[in-house]
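S.K.: The structure's right below; bear with me while I get my questions together.
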Amino acid sequence: SIQRRFNRTSNASRDHNILAVMDVKGFDPEEVTVKVKDGKVQVLAEHEEAHTTVRGKEYNYKNIVKEIALPPGVSEDEVIYSL
């Protein structure tokens, strides 16, 4: 899962607050993109699988697109995420 965090404190302890947690099970880390722009966090994930069967090739495709607005007073530079 992806955890997007923001830090509203300036002390050395860096007390992080969680903004969102998303389930990205079934996606490889390189298939997930996180962008912070215009006061929003955007998460994009795309996964495609191809299987050969007796009838030919079959494709499975899934994607996630999610936008989360940053809370007031949180700078885009403060936002970090982990996968």
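S.K.: Could you tell me how many of the residues in the range 65-83 are part of a strand (DSSP E or B), open to solvent by 80 Å² or more (accessible area, probe 1.4 Å) and not aliphatic (A, V, I, L, M)?
M.R.: 3
S.K.: Quick one: in the range 3-27, which of the residues that are open to solvent by less than 70 Å² (accessible area, probe 1.4 Å) and among the small types (Gly, Ala, Ser) is modelled with the lowest pLDDT?
M.R.: For the range 3-27, the residue satisfying everything is Ala20.
S.K.: To continue, here is another question. Identify the residue in the range 28-64 that is within 18 Å of Tyr81 (Cβ to Cβ) and open to solvent by 100 Å² or more (accessible area, probe 1.4 Å) and, among all such residues, is nearest to the chain's Cα centre (by Cα).
M.R.: Here the answer is Lys35.
S.K.: Residues of the range 24-46 being closer than 14 Å to Ala69 by Cβ and touching a residue at least 24 places away in the same chain (Cβ under 8 Å), which ones?
M.R.: Scanning the range 24-46 gives Val36, Lys37, Gly39, Lys40, Val41, Gln42, Val43.
The values are calculated or read from the model by the stated rules, or taken from the named source; none is laboratory data. Everything numeric here is computed off the predicted structure, so don't read it as measured data. All Cβ positions, even for glycine, are placed from backbone atoms using ideal geometry, and neighbour counts span all protein chains on display. The area values use the complete protein model at the heavy-atom level, side chains included, leaving out ligands, DNA and RNA. Shrake-Rupley method; radii C 1.70, N 1.55, O 1.52, S 1.80 Å.
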